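The values are calculated or read from the model by the stated rules, or taken from the named source; none is laboratory data. Remember, it's a predicted structure, so these values are computed and weren't measured experimentally. Because the Cβ atoms are built from the backbone with ideal geometry, glycine has one as well, and the counts that use them run over all protein chains shown. All accessible areas refer to the heavy atoms of the entire protein, side chains included, with ligands and DNA or RNA removed. Shrake-Rupley method; radii C 1.70, N 1.55, O 1.52, S 1.80 Å.
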Amino acid sequence: MSSAGATYRETAEAAWQWTLGQVRWADDGPWIPTSGVSGAEPQVPDDRDGMHSGIAGLAHTLAEIRLSRPWTAAESELADGIAHRLVRGIPSSSDITYFDGLVSTIGAMVAIGRLDGVRAAVARLQELAEDDGWPQTLMLPPRFAPGARIHDMTLGTAGVLLGGVWAARHGVDAGRELAEQAGGILLSEIGLAGAGAGAGAGAGAGAGADFGWPFVPRRFRDEPGAVMPNLSHGLAGIAATLASGGLALGRPDLVAAATTVSEQLVPLGGTDGRGFVVQRYIPTEINDEDEFTYTWCHGASGTSLAFAALDTAGVESVAGAAPAEWRERCLYSVRTSGLPARLHPGFWDNDGRCCGTAGVGDILLDSWHRTGSADDLAFATLLADTLVEHALHEGGTYWRFTEHRNEDPLLPPAVGWMQGAAGIAAYLLHTARVVEQGAAAEAQPRMDTWWATPTDAHH
């Protein structure tokens, strides 16, 4: 065992033990607070059952742990508790999202091997479906018209396509029906986007024009509004989902639509030398955040997943270059951006999966699993080293991110998958396996990354 691998594993296990110490048990099952804070007992959060910051996210850490060692009795009990809690909640759930809803439940149930929960979540999504998408409770009047729909990967129809495909890939036949339905709804929006799809990539984009599939369709808004073109809420997420869905379903029309979306995405970004980055927001001046970031959610690492999906689906060219070249351009921009150093306040203040270091690192490791890129592996281990350095060991092992606008810049230590110790621990365990086992280390396909892992895992 390498000394680096041992250090990553020790830090990960310590952080996971701290996470387990945050788990509360009620009559209806386990829950975790959003952050581990001393003092008053925390309240049960609204997103208790979600993947982002709730108990569903712990299922993904458990799946990573299982690649390293058997579960303990306490971990098996937690997996059972998560499954029972989530399955009981499915019949009354109206949240369809990848972050916190029924799609989140599909991911968690696959992670801990409970296909009964997957089937139930798929059936509930089919029950909730309407002709033009799924009801949601986020984009409400008066800003949006009644019955507004959301297109994106994390909150909307593209996420349902993602979940349906993931269910189908794990033997749930109704998942294919669900994915076909979501894919058809997305394709129908081509006509509704109309001329905006072609115009948005040009001069109009800087003014917040509608291009491709906007976050919320134009017919539900009085004003075009800002858009977020990268993975979480934008064109990159739509492209990744359509391409991977087309691959899994044998639907060339979905792959062709993904290619069209990517052709719209490329002109929005910048190709500086060997790199490629797309703005976090369009228009860019809507807040004081940096114009570009490099995260899973709104940056170049996440956007690389769109090109990985196109590559795996067999697309030969996007905007004059192979998808694999665009993917490498994205990752080159990440590797040369300056992260994980905090170059200035607000540049790199987060160690989590969604918006920070662990999420970037896992994408680089998946790229290494697939391509063998020494540059990707070197950068991924640099990120793991940084996470070890940033870990705090005061009554447990955890991380506190920075909010540079606050008088006390350190945020409370988060617990869950996307922004907390559970997700960071999983990344460190992944890195430990890679440095200890080399090419024999197994990649961990997930709902939002399976197409970016080695090609022999796609069948």
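Looking only at region 317-353, which residues have a backbone nitrogen under 20 Å from a spot 7 Å from the Cα of Ala256 in the C-beta direction? 317-321, 323, by backbone N distance to the label point.
Would you calculate, for the chain, the mean residue ellipticity at 222 nm contributed by helices, counting each DSSP H stretch of 4 or more residues as -39,500 (n - 2.57) and dividing by all residues, to the nearest 500?
Mean residue ellipticity at 222 nm (helix-derived): -15000 deg cm²/dmol.
Over all Cα atoms in region 321-459, the spread is summed up by Rg and Dmax: 15.5, 51 Å. In the chain, which helices (entire DSSP H runs) extend 30 Å or more along their own long axis, judged by Cα positions, while averaging at least -0.5 on the Kyte-Doolittle scale? The answer, listed by residue number, is 173-193. Normalising the average separation of contacting C-alpha pairs (under 8 angstrom, six or more residues apart) by the number of residues puts the relative contact order of region 264-321 at 22 percent. In this simple spin-label model, placing a label point 7 Å from the Cα along the Cα-to-Cβ direction at both Ala321 and Glu77 gives a separation of 5.3 nm. Among the listed values (i) 20.6, 60; (ii) 22.7, 66; (iii) 23.5, 75, the one computed from these coordinates for Rg and Dmax of the Cα atoms in Å is (i). Shown for the chain: the carbon plus sulfur share of the solvent-accessible area, taken with all protein chains present and a 1.4 angstrom probe, equals 52%. Between Ser2 and Thr371, residue separation times 0.36 nm minus the direct Cα-Cα distance comes to 130.6 nm.
Between His393 and Arg69, the contour length at 0.36 nm per residue exceeds the Cα-Cα span by 114.3 nm. Taking every protein chain into account, the 1.4 Å probe leaves Tyr427 with about 0 Å² of accessible area, to the nearest ten.
Per-residue counts of other Cβ atoms within 10 Å, averaged by peptide: what ranking do you get for 154-161, 288-295, 377-384, highest first?
Details: 154-161: 28.6, 288-295: 18.4, 377-384: 21.5.
Ranking the peptides 154-161, 288-295, 377-384 by packing returns 154-161, 377-384, 288-295.
Once you divide the Cα radius of gyration of region 305-372 by 2.2 N^0.38 Å, the number left is 1.25.
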